[in-house]
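Below: one structure, written as structure tokens.
Any read-out appearing in this document is the output of simple, stated calculations on the displayed coordinates, not a laboratory observation. Since the model is a prediction, treat every value here as computed from it, not as a measurement. Cβ: placed from backbone, ideal geometry, glycine included. Neighbour counts: every protein chain shown.
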Amino acid sequence: MASTIRVRAVAGADTTEVQSLIQHPMDSGFVKDAAGKLIPPHHIEVVRFEHGGKTVFTALWGPAVAKDPYLKFSFKGAKKGDELKVSWLDNEGASDSLVAKIQ
Amino acid sequence: MTMSSDAAGCARRSMLRGMAGLAGLGLFEASRLLPAYAADAPDWPQAAFKQKSEIDALKQLYGKNAEASDKVTLDAPEIAENGAVVPIAVTSSLPNVTAIAVLVVENPYTLAAAYQIPAGTRPAVANRLKMAKTTKVVAVVESDGKLYSASRDVKVTVGGCGG
Amino acid sequence: MLRKVLIIGAIVLGGAQVACADDAVDPKAEFKAFRDYFVGRFPKVPFDDFVNGPYSMDEGLRKQWKDIEEFPPYEFAVDKGKEMFAKPFANGKTYADCFPNQGIGIRQNFPYFDAKSGQVITLELALNQCREANGEKPLDYVKDDMAALTAYMAFTSRGKRFDIKIPDDPRALAAYRKGEEYFYTRRGQLNFSCASCHVQSAGNHIRTEVLAPALGIMAAMPIYRSEWGAMGTTSRRFTTCNSQVRAVPLPPQDELYRDVEYFLTYMGNGLPVSGPGARP
């Protein structure tokens, strides 16, 4: 099955810019379905980015993050060819992770 | 605690997924047993995400208040195209930034996201939020242990919370 | 001649009922009048930008769209469509066998008038015909798998300029005219025609939305709407538009809807494929 995580990591002169898009419903728990019942909250809680064994960014998310959530940040110390690991965990205990090569 | 066999099976599966996920994150410790139902991630600030006011959310998250600063920049649209997907960006010229938080004041729970910024990571993040209605969006930056904030009013015509 | 005057008059006044006299239909002249109307009304919009709908009309919306386009939500649908497109049917054949150029970079030629069956063939119809010819069940026309497939096919065709042909065949001209009449006819409790919003009020607000110009409005299909939180095909948009004016929608891919798509896409000839598109 295809990963839920899409990552684009590009190494620049000084920093590596990371953009990620994760496929996830991010249900807030406030929306009703067609039958009028509340759809329970189902959202990512933690997203972690690791490079060289070190965490370079952590996102702590609540239900107010949009569906199929996007993230962009930059960090120093990486170069083209390095690996970047992205992993997430949601409030139902589901998770996914991906290792991407920095371009 | 008694459970129906259905619920027990579901809990077992959730727990296994959760354990696998936590193991993947390097957070799982063999000595710690997870509760039967899938739990929030151990380092997820549950209390902060349940607060309904800016001040309470920041207190739960960082234990302090924020002061306005022009060294925090929040980029957000004046009128959101759709409250379900509002692109925002936060940057700061403050030194030694260790955290960035984004709050949507009139959302059911104020805290939308909190970011941990280790040394070597730029004090900047772009994200997309859900906004229930027209309200202030607040960006908070932790620099040298103190909190600084900037805010913007964003008009929302089509709400992002099913309204 | 009378027809041309009537059409231009209808475009200028917007939303007026078009008389259906049985004189010659002149698509080329109507095409020019249609395009000139929009270019004249929005002189600051670069021609190719019309395909971006409301984003060509409003700066604030445009910036949000550009931000989201950096990593757009329809990426998942394109990837899914690519996988689906490559996967062979039970009989070993693939979608590529049903289309010219293996189905890559062909979106700009749809819809087309098929002389053999005497009807307008849209991309969605062609995909289901391909499936049925190979022993597979047809897909729902409105979203999900069909939207993923057409998203992928639009994606491989990005930038290619629409080139819809109206052959010298009275049936093709009739299909074009029927689509055109539907477009300009008021309907529903709100008594709007497609033109009421997308010609007469293009660039203006309807409640909270900015109305896209009809010129090039098909170019971004299929679309990911924030409102849907998902992809939707032309059928999804046509049926919901009808419902929004409190008119009874036709079934997805109804012959008349296909005629409308034929007319509208022809009117956008020369503009580039921009799909799949993100919309509010």
| task | Could you check the simple spin-label distance between A:Lys54 and B:Ile79, using points 7 Å along Cα→Cβ, in nm with one decimal? | result | 4.6
| Which distance in nm do the two modelled labels at B:Lys64 and A:Lys76 give, with both placed 7 Å along the Cα-to-Cβ direction? | 2.3
| query | Other chains' Cβ within 10 Å of C:226-233 residues: what's the mean? | reply | 4
| request: Can you tell me what the convex hull of the Cα atoms of segment C:142-280 projects to on average, as an area in nm²? | output: 8.2
| said: Just to confirm a number: summing +1 for Lys and Arg and -1 for Asp and Glu over residues other than B:Thr98 whose beta-carbon lies under 13 angstrom from that of B:Thr98, what do you get? | reply: +1
| task | Find which of B:Leu111, C:Tyr224, A:Leu89 sits farthest along the positive direction of the dipole of the protein assembly as shown, computed with +1 on the beta-carbon of Lys and Arg, -1 on that of Asp and Glu, about the Cα centre. | result | B:Leu111
| Near A:Lys101, which aspartates and glutamates are there with a Cα under 20 Å away, not counting those fewer than 8 places off in the same chain? | A:Asp14, A:Glu17, A:Glu50, A:Asp82, A:Glu83, C:Glu70, C:Glu75, C:Asp79
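Write down Rg/Rh for segment A:5-101, rounded to two decimals, with Rg from the C-alpha atoms and Rh from the Kirkwood relation over Cα pairs.
Here Rg/Rh amounts to 1.07.
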| Over segment B:46-156: Kirkwood hydrodynamic radius from C-alpha pairwise inverse distances, Å | 13.7
| task | Return C:Met267, A:Met26 ranked ascending by Cβ neighbour count within 10 Å, so the fewest neighbours appear first. | result | A:Met26, C:Met267
| message | Output wanted: per-residue J couplings in Hz (rounded whole) for segment C:187-200, from phi through Karplus 6.51 cos²θ - 1.76 cosθ + 1.60, θ = phi - 60°, x for Gly and Pro. | response | 7, x, 4, 7, 6, 9, 9, 4, 5, 3, 8, 8, 10, 5
| Quick one: if you stick a label point 7 Å off each Cα along the C-beta vector at C:Asn91 and C:Lys32, how many nm between them? | 4.7
| Thinking of chain C as a set of Cα atoms, what percent of all their pairs are more than 22 Å apart? | 56
| task | Enumerate the aspartates and glutamates that B:Lys52 could reach by cross-link, defined here as Cα to Cα under 20 Å, with residues fewer than 8 away along the same chain left out. | result | A:Asp27, A:Glu45, B:Asp40, B:Glu67, B:Glu106, B:Asp153
| Partner chain coverage, peptide A:21-34 - average Cβ within 10 angstrom | 4
| Filter on A:Lys72/C:Lys63; B:Lys59/B:Lys136; A:Lys32/B:Lys136; B:Lys50/B:Lys133; C:Lys28/C:Lys178; A:Lys54/A:Lys79 - keep pairs with C-alpha separation over 21 Å | A:Lys32/B:Lys136
| query | Reported to two decimal places, what Rg/Rh ratio describes segment C:12-159 when computed on Cα atoms with Rh from the Kirkwood expression? | reply | 1.04
| query | Based on the Kirkwood radius over alpha-carbon pairs, what is the Stokes-Einstein translational diffusion coefficient of the protein assembly as shown at 4 °C with 1.567 mPa s viscosity, in µm²/s? | reply | 51
| message | How big is the dipole moment of the protein assembly as shown about its Cα centre under a simple scheme where the beta carbon of each Lys and Arg is +1, that of each Asp and Glu is -1, and everything else is neutral? Debye, nearest 20, please. | response | 200
| query | Once the Cβ-Cβ distance between C:Trp228 and A:Lys32 is put in as r, and R0 is 25 Å, what FRET efficiency do you end up with, to the nearest 0.05? | reply | 0.95
| said: Under a Cβ-only charge scheme (Lys and Arg +1, Asp and Glu -1), can you give me the dipole magnitude of segment C:110-236 about the Cα centre, in debye to the nearest 20? | reply: 240
